[in-house]
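Inspection log for the structure reproduced underneath, given as structure tokens.
The values are calculated or read from the model by the stated rules, or taken from the named source; none is laboratory data. Remember, predicted model here, so these are calculated numbers, not experimental data. FYI the Cβ positions are ideal-geometry reconstructions off the backbone, even for glycines, and counts take in every protein chain you see. These area figures cover heavy atoms from the full protein model, side chains too; ligands, DNA and RNA do not enter into them. Shrake-Rupley method; radii C 1.70, N 1.55, O 1.52, S 1.80 Å.
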Amino acid sequence: MKLCALCGKQIETDNYFSRKSTCPKCGGDLHICLNCRFYSESSHNKCIETKSEFQRSRDRANFCDYFSMKESSSTTSGKDKDAALKKLDDLFK
């Protein structure tokens, strides 16, 4: 499952799509750092791909050759998340 980083809605795309592709729900660009599997807040240049060039804007379409749409690993529902947070809060009371 692929999710738009800007609106959080599920997207159905091919593995390869244009740099100009946009989310059908919010109209935001899809070929952005925030949607890439190499994006990492804690890494140098916010990218774990060492050969990639610096991208000034993370939420706008770019020409990065290493872009690969990340797959969502979140399979838990909102109820599961709420239950887990409640257990965590109860643990530290």
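Below, the figures for the structure above:
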| quantity | calculated |
| --- | --- |
| Region 17-93: chymotrypsin sites (Phe, Trp or Tyr not before Pro) in DSSP coil with no more than 15 other Cβ atoms inside 10 Å | Phe17, Phe54, Phe63, Tyr66, Phe92 |
| Loop sites in region 8-93: GluC sites (Glu not before Pro), DSSP, at most 14 other Cβ within 10 Å | Glu12, Glu41, Glu53, Glu71 |
| Extent along principal axes [Cα atoms of the chain; Å; largest to smallest] | 48, 31, 19 |
| Count, lysine Cα pairs under 16 Å in the chain, 8 or more residues apart or across chains | 6 |
| Sulfur and carbon atoms: percent of accessible area, the chain [1.4 Å] | 49 percent |
| Chain lengthening between Thr13 and Lys51 when straightened (0.36 nm per residue, less Cα-Cα) | 11.1 nm |
| The chain - Cys residues lacking any other Cys C-beta under 4.7 Å | Cys33, Cys36, Cys47, Cys64 |
| Size of electric dipole in the chain: Cβ of Lys, Arg +1 and of Asp, Glu -1, about Cα centre, debye, nearest 20 | 180 debye |
| The chain: angle of helix 78-91 to the longest principal axis, Cα-based, in degrees nearest 10 | 50 degrees |
